[in-house]
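Okay, so here's the structure we're looking at.
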Amino acid sequence: MSEFELFSEDELKEEIIRISKTLYERSLITALGGNISARIPGAREFWITPSQVFKGALKPDDLVKLNLDGDLVEGFLKPSIEWPMHAAVYKVRPDVNAVVHAHNPMVLGLTLAGKRIKTTITDEAVLLLRRIEEIEFKFPGTTQLAEAVAQAASRGARAIILKNHGVLALGTNLLEAEAIVELLEAIATIEFVCYTLGREPPEVPPEEIEVAKKYWGI
Ligand SMILES: [Zn+2]
């Protein structure tokens, strides 16, 4: 177990429940939408939210523990049907210990309108989002979606936009993955304001991004 280990399994589960409630209250997921998973760093098993349970008031016993093949390890309910894309990320990214999937309306709207979510319009986006990938629509729960997610994840993405569907945030821990989902929505909102007022969003100057790379090794 890593010295950076922040959570016991019970704490991981509480954090998943907190984030699920927050995303629901912020309208980033609907009552039955979205899913969240997390693992103890390096583990071959992960906890995930269940299928068809109200996401605004989950309880620890609602969560389900799976191995990377999707076999049930602990829990009583049916896991989210989108578990294959979570497992796919953990298989190819040892640095990722939390995956948050939400249905961000502003990100989806902007993307479907043909606009790109930019990682360079605020300092926070430069530092936190870094690399974003966008993948074509594949139906939720399918092997095809899991494979497309695995490919994008293996290229180092910290966020993957699933066209006509939602976003997937890949974090070293749950808080980071939550922050990525929320920041994507904030960036999309900022871009929307700029486009609405007839202006292409100006980006942080490239030389300043180079400074950030040097300072923080991003
Ligand atoms: Zn979804």
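The values are calculated or read from the model by the stated rules, or taken from the named source; none is laboratory data. Because the structure is a prediction, the values reported are computed rather than measured. Note that we place each Cβ from the backbone using ideal geometry, even for glycine, and neighbour counts take in every protein chain shown. Ligands, DNA and RNA are stripped out before the accessible areas are found, and what is left, the full protein with its side chains, is counted by its heavy atoms. Shrake-Rupley method; radii C 1.70, N 1.55, O 1.52, S 1.80 Å.
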For this session: In debye, nearest 20, what is the charge dipole magnitude of the range 63-150 about its Cα centre with +1 on Lys and Arg Cβ and -1 on Asp and Glu Cβ, if you could check?
Result: 220
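Once you charge only the Cβ atoms, +1 for Lys and Arg and -1 for Asp and Glu, what is the size of the charge dipole of the range 95-218 about its Cα centre, to the nearest 20 debye?
So the dipole magnitude of the range 95-218 works out to roughly 300 debye.
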Seminar exercise, completed: When the chain is treated as a Gaussian network with springs between alpha carbons less than 10 Å apart, the largest mean-square fluctuation among 28, 183, 63 is found at 183
Exercise. Out of 148, 215, 85, whose Cα points farthest toward the positive end of the dipole of the chain (charges: +1 Lys, Arg; -1 Asp, Glu; placed on Cβ)?
Worked result: 148
Exercise. So which trypsin sites (Lys or Arg not before Pro) in the range 115-197 end up in coil per DSSP with only 11 or fewer other C-beta atoms within 10 Å?
Worked result: 116, 155
Seminar exercise, completed: At the level of C-alpha centres, the distance separating the range 15-31 and the range 32-75, in angstrom, is 14
Exercise. Considering the chain as a Gaussian network with a 10 Å cut-off on Cα pairs, which listed residue, 77, 197, 66, attains the greatest mean-square fluctuation?
Worked result: 197
Seminar exercise, completed: Taking a crude spin-label model, label points 7 Å out from Cα along the C-beta direction, the residue 11 to residue 218 distance in nm is 2.7
Seminar exercise, completed: Computed about the Cα centre, the charge dipole of the range 9-216 from +1 Lys/Arg and -1 Asp/Glu charges at the Cβ has a magnitude in debye, to the nearest 20, of 420
Seminar exercise, completed: Among the DSSP H helices of the chain, those whose Cα atoms extend at least 18 Å along the helix axis and whose mean Kyte-Doolittle hydropathy is -0.5 or higher are 174-196
Exercise. In square angstrom, rounded to the nearest 10, how much accessible surface does residue 47 have for a 1.4 Å probe?
Worked result: 10
For this session: Taking 7 Å along the Cα-to-C-beta vector as the label spot, tell me the residue 195-residue 124 distance in nanometres, rounded to one decimal.
Result: 2.1
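By its C-alpha gyration tensor, with a ≥ b ≥ c as the square roots of the eigenvalues, how is the chain shaped: rounded for a/c under 1.5, else prolate for a/b larger than b/c, else oblate? Walk me through the numbers before you get to the answer.
On the way: a/c = 1.81, a/b = 1.46, b/c = 1.24.
Since a/c reaches 1.5 and a/b is larger than b/c, the shape of the chain is classed as prolate.
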For this session: Would you mind classifying the range 120-218 by shape? Square roots of the alpha carbon gyration tensor eigenvalues, ordered a ≥ b ≥ c; an a/c under 1.5 is rounded, otherwise it is prolate if a/b is larger than b/c and oblate if not.
Result: oblate
Exercise. In what sequence, largest accessible area first, do 80, 154 appear using a 1.4 Å probe?
Worked result: 154, 80
